[in-house]
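Engineer: Below is one structure. I have some questions about it.
The values are calculated or read from the model by the stated rules, or taken from the named source; none is laboratory data. The model shown is predicted, which means the values in this text are computed figures rather than measured ones. We place every Cβ from the backbone using ideal geometry, glycine too, and count neighbours over all the protein chains shown.
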Amino acid sequence: MLDVYLIIDLIIIVALIVLSAAVLVQKAKSVTSITFAALAASVAVWIIANYISNDIGRSPETALKANYFVFFFSYFTAVNLLHFTISLVQDERARKIFKALYVPIFLVGLMSFTALVPAGVHLQDNVYAVEFGAGLPVYFVFLVSMIAAIFVVLKKNIKRSKGAQKTRLKTIYRSFAYSLPLLVLMLFILPVATGWFGLTNIGIVPMAAFVGGMYYAVFKHRLFDLRLVVVRSLAYVFTLGLILTIYALISFEASKYLFNGSGNENWRTLTNVILVIFAAVSYGPVKRTFNRVSDKLFYRDAYDAQTFLNDINKAVVANVDVEKLLRDSAGIINSYIKSTSVLFYLRSTEYSSPRMLGVDSRQLSIEDLMIVADTIADSSQKILVAEDLEEQSALRKLMRKYDIALISRLVTDYGIDTEGVGYLALGYKKSGNPYNKQDVDVIKIISGELVIAVQNGLRFEEIENFNVTLQQKVNDATKRLKKANDKLKAMDETKDEFISMASHQLRTPLTSVKGYVSMVLEGDAGPITDMQKKLLEQSFISSQRMVFLIADLLNLSRLKTGKFVIDALPTNLSDVIAGEVQQLRETAAGKNMTLTYNQPDSFPTLMLDETKIRQVIMNFVDNAIYYTPAGGKIDISLTENDKSVEFRVKDNGIGVPESEQHNLFNKFFRAKNAQKARPDGTGLGLFMAKKVIVAQGGALIFESKVGKGSTFGFSFAKDKLKVDEPAQA
């Protein structure tokens, strides 16, 4: 029966050594890989020492030395297992505590290699019973404390982990829970308590649960991130080694029991030949069985790439609606890839917010996916596979945190939009296998096809929503315009009220100023000098100009309120013009200008609003003086013919730019060159002149050329302004 335990021991040792070798080959510099290799080595020595210590065919001295190794390496198996657990979960706090206690832990380990723990051995019931020293309680407390710490660290990190990492840790926790308590019970507690050391023969068997759990975590949940070819090779080597071990043991046992050392070499040779033939014949069925099992384990997610692409093409052709297209595509991808999630993340557009669509067994939120998308935004790669990234890279950690194994940009190869319409994110495969080259190539093709379909779908959405969106925009704009218009109206009314009030309030004192200045000029206050007369005349002219400005403001206010009325009376237009010209001669003379008015000898009386037409004449002549350089010439004419009369003021001043002439008679408008020549203008004079002329049935006369001068005036049809003669009795 002892050989059965040897078979089990050899299977456990081979399995651990092969697994640790595979881990070291792939990630030789990883702390987790190194600690696992150390764990496998300590377990292997421990198992071999345990087998030797129980072999009664050996001497007591050999058994005692073997027990030194048993206690020493079983203790350091616990140490390495705790170290491996801490590095696997990357628990920084646990690592610091472990480092702080490393010296006492190491000293207790050394103590186990002395007579303080295994003091001696004696043969009892065909088994070597161990005699313990005084250091056993300390040894046992440290051993159990480390095993308890392993469970505490795992339990804490299972709670705070998620996704595939959580599943991996749960698997390891269960395998530890099945194996470690039984190992302590059968190898230490029961033998010491009962004195029955025969239990140590089978006490190592629970280690098989530990090894099985580690392999299950590797195959099913991608522990150590071993690539598929490594995992399958690992399983193949292990299976082949197991078969050879079993054949060797069968050969050994058959030779021992059949021939019992008889020395009949012919029969021994014949038996070995039969076993070799049996091995050769059975190897094929065993290999086929292994292939079926490994295919089920490793290639159960295999698929036909062309069929996969054909199904995606059908979905693309059949759907115009973006959301239905992506849901159908996610279902197809999931049916072939068999991953934990297939999610499409679409960036926001002018007409829609960010969207997440697809198949997700973990309920990943759109905010989580947006975090990953923002992180890879600066990457130049179209497809990123978590397994291909650096182990400690921030992006790999982030992808593993949200269980994203592969993410692909939805962007065309030829477009200038490097950000694309969004992303396709895939979770880890349910089989535990990594994404291979075929998967990446197929996903790249699918992403290229889908991005075009999604762009077309988004355009279709835009067209569908255009009327609704446009109407909403029109409504919003109308509301804003109405609100702004109401505000402008209120401001305009306030302005008009102010202008009307200010004009009325200014007109009375200004009339008084003008009257008193006129009285002084006429000598009512006594004789004045020539200089005083000149200054007072300028004051009178300025006052007159202020009167006209106030009149313009009042008329503007009356236009807004509908109170602008033409009060037509018989008027001698020729005399009105002569009076206004006479008032402005001094101003023209001050600028060395020639102001000429050839007054007609006779002129018909017309029905005009004398006050308002006087403002128009004053404005035209005053503008000509202001906008004509010193030494210029201004000609004023009044002519008539059978049908009409015409008034013109012609100057050789700065003129009006052709590009601005169409705005000249608008309210508050002033040409740019006029603003420079006369900064204090209001832009109301020409506006009010047009209103006065048109209101009386006349027409404006305007001609201008920059640098050559301008002509302003008006014309009236005689028949519209003729004076009604009194009826004869």
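Engineer: It is to be established whether one or more residues within the stretch 56-64 are buried (at least 23 other Cβ atoms within 10 Å of the Cβ) and either touching a residue at least 60 places away in the same chain (Cβ under 8 Å) or touching a strand residue (DSSP E or B) at 6+ places or on another chain (Cβ under 8 Å) (or both).
Structural biologist: Yes, some residue in the stretch 56-64 is buried (at least 23 other Cβ atoms within 10 Å of the Cβ) and either touching a residue at least 60 places away in the same chain (Cβ under 8 Å) or touching a strand residue (DSSP E or B) at 6+ places or on another chain (Cβ under 8 Å) (or both).
Engineer: Which condition breaks for Asp635 when tested against (1) over 24 Å from Gly709 (Cβ atoms); (2) at pLDDT 90 or above?
Structural biologist: (1)
Engineer: Moving on. Name the residues in the stretch 426-471 that are more than 20 Å from Met370 (Cα to Cα), modelled with pLDDT of 75 or more and aromatic (Phe, Trp, Tyr), would you?
Structural biologist: Across the stretch 426-471, the qualifying residues are Tyr435, Phe460.
Engineer: Determine the pairs where a residue that is under 15 Å from Val565 (Cα atoms), located within the stretch 688-704, has a partner that is polar (S, T, N, Q) and modelled with pLDDT under 90 with Cβ atoms under 6 Å apart, the partner being 6 or more residues away or on another chain.
Structural biologist: Met688/Asn555; Ala689/Asn619
Engineer: If you don't mind, there's one more thing I want to ask. Only one of these is within 13 Å of Asn619 (Cβ to Cβ), of a type in the set (Phe, Trp, Tyr) and assigned by TED's automatic domain parsing to the domain that holds Asp609: Phe665, Phe669, Phe716. Name it.
Structural biologist: Phe665
Engineer: Another question, if that's okay. Which residues, counting only those in the stretch 101-126, are farther than 18 Å from Tyr75 by Cα and surrounded by fewer than 20 Cβ atoms within 10 Å (Cβ to Cβ)?
Structural biologist: Across the stretch 101-126, the qualifying residues are Gly120, His122, Leu123, Gln124, Asp125, Asn126.
Engineer: Here's another thing I want to ask about it. Given (1) among the basic types (Lys, Arg); (2) buried (at least 17 other Cβ atoms within 10 Å of the Cβ); (3) over 60 Å from the mean Cα position of the chain (by Cα), identify the lone condition not met by Arg670.
Structural biologist: For Arg670, the exception is condition (3).
Here is a yes/no grid of residues against (1) within 21 Å of Asp91 (Cα to Cα); (2) among the aliphatic types (A, V, I, L, M); (3) modelled with pLDDT under 80; (4) assigned by TED's automatic domain parsing to the domain that holds Arg396:
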| site | (1), (2), (3), (4) |
| --- | --- |
| Val121 | no, yes, no, no |
| Tyr128 | no, no, yes, no |
| Leu190 | no, yes, no, no |
| Leu199 | no, yes, yes, no |
| Lys220 | no, no, yes, no |
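Engineer: Also: Exactly one condition in (1) touching a Ser or Thr at 6+ places or on another chain (Cβ under 9 Å); (2) surrounded by fewer than 22 Cβ atoms within 10 Å (Cβ to Cβ); (3) within 21 Å of Tyr5 (Cβ to Cβ) is not met by Ser87; state its number.
Structural biologist: (3)
Engineer: Contact list please: Cβ distance under 7 Å, first residue in the stretch 601-617 and assigned by TED's automatic domain parsing to the domain that holds Leu700, second residue among the small types (Gly, Ala, Ser) and part of a helix (DSSP H, G or I), pairs at least six apart or on different chains.
Structural biologist: Phe603/Ser574; Gln615/Ala551; Val616/Ala689
Engineer: Go through the stretch 604-634 and count every residue that is within 13 Å of Ala588 (Cα to Cα), among the β-branched types (Val, Ile, Thr) and either in a helix (DSSP H, G or I) or in contact with a helix residue (DSSP H, G or I) (Cβ under 7 Å, 6 or more places away or on another chain) (or both).
Structural biologist: 3
Quick grid of which residues meet (1) in the same structural domain as Ala78 (by TED's automatic domain parsing); (2) in contact with a helix residue (DSSP H, G or I) (Cβ under 9 Å, 6 or more places away or on another chain); (3) part of a helix (DSSP H, G or I):
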residue: Arg95; (1), (2), (3): yes, yes, yes
residue: Gly109; (1), (2), (3): yes, yes, yes
residue: Thr114; (1), (2), (3): yes, yes, no
residue: Ala134; (1), (2), (3): yes, no, no
residue: Lys155; (1), (2), (3): yes, yes, yes
residue: Arg174; (1), (2), (3): yes, yes, yes
residue: Tyr178; (1), (2), (3): yes, yes, yes
residue: Pro181; (1), (2), (3): yes, yes, yes
residue: Met186; (1), (2), (3): yes, yes, yes
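Engineer: Taking the stated definitions as given, is Ala44 assigned by TED's automatic domain parsing to the domain that holds Ala149, surrounded by 21 or more Cβ atoms within 10 Å (Cβ to Cβ) and in contact with a Phe, Trp or Tyr (Cβ under 9 Å, 6 or more places away or on another chain)?
Structural biologist: So Ala44 fails the test.
Engineer: Give me the pairs, please: first residue somewhere in the stretch 411-428 and under 16 Å from Arg327 (Cβ atoms), second residue anywhere and modelled with pLDDT under 55 and crowded, with 23+ Cβ neighbours inside 10 Å, beta-carbon distance under 8 Å, and either six or more positions apart or on two chains.
Structural biologist: Pairs that qualify, where the first residue is under 16 Å from Arg327 (Cβ atoms) and the partner is modelled with pLDDT under 55 and crowded, with 23+ Cβ neighbours inside 10 Å: there are none.
Engineer: Does Val153 satisfy the criteria of being of a type in the set (A, V, I, L, M, F, W, C), within 20 Å of Leu110 (Cβ to Cβ) and crowded, with 19+ Cβ neighbours inside 10 Å?
Structural biologist: no
Engineer: In the list Ile654, Ile693, which residue meets the criterion of being surrounded by 21 or more Cβ atoms within 10 Å (Cβ to Cβ), assigned by TED's automatic domain parsing to the domain that holds Met607, among the β-branched types (Val, Ile, Thr) and closer than 22 Å to Ala589 by Cβ?
Structural biologist: Ile654
Engineer: Output the number of residues of the stretch 573-582 satisfying the condition of being modelled with pLDDT under 90 and either surrounded by fewer than 17 Cβ atoms within 10 Å (Cβ to Cβ) or within 60 Å of the chain's Cα centre (by Cα) (or both).
Structural biologist: Selection size over the stretch 573-582: 2.
Engineer: Which condition number in (1) in contact (Cβ under 8 Å) with a residue 24 or more places away in the chain; (2) in a loop (DSSP other than H, G, I, E, B); (3) more than 18 Å from Phe714 (Cβ to Cβ) is the one that Val656 fails?
Structural biologist: Single failed check for Val656: (3).
Engineer: Pairs under 6 Å by beta carbon, first residue not assigned by TED's automatic domain parsing to the domain that holds Leu608 and in a helix (DSSP H, G or I) in the stretch 575-588, partner among the small types (Gly, Ala, Ser) and modelled with pLDDT under 85, six or more apart or different chains?
Structural biologist: none
Engineer: Quick one: is Tyr423 part of a helix (DSSP H, G or I) and either modelled with pLDDT under 85 or within 30 Å of Thr307 (Cα to Cα) (or both)?
Structural biologist: No; evaluated as a whole, the condition is false for this residue.
Engineer: For Ile416, work out the one condition from (1) among the aliphatic types (A, V, I, L, M); (2) surrounded by fewer than 18 Cβ atoms within 10 Å (Cβ to Cβ); (3) at pLDDT 80 or above it doesn't fulfil.
Structural biologist: For Ile416, the failing item is (3).
Residue-by-condition table, conditions (1) in a helix (DSSP H, G or I); (2) at pLDDT below 85:
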| residue | (1), (2) |
| --- | --- |
| Val18 | yes, yes |
| Ala37 | yes, no |
| Ala41 | yes, no |
| Tyr51 | yes, yes |
| Gly57 | no, yes |
| Ala63 | yes, yes |
| Val70 | yes, no |
| Ala78 | yes, no |
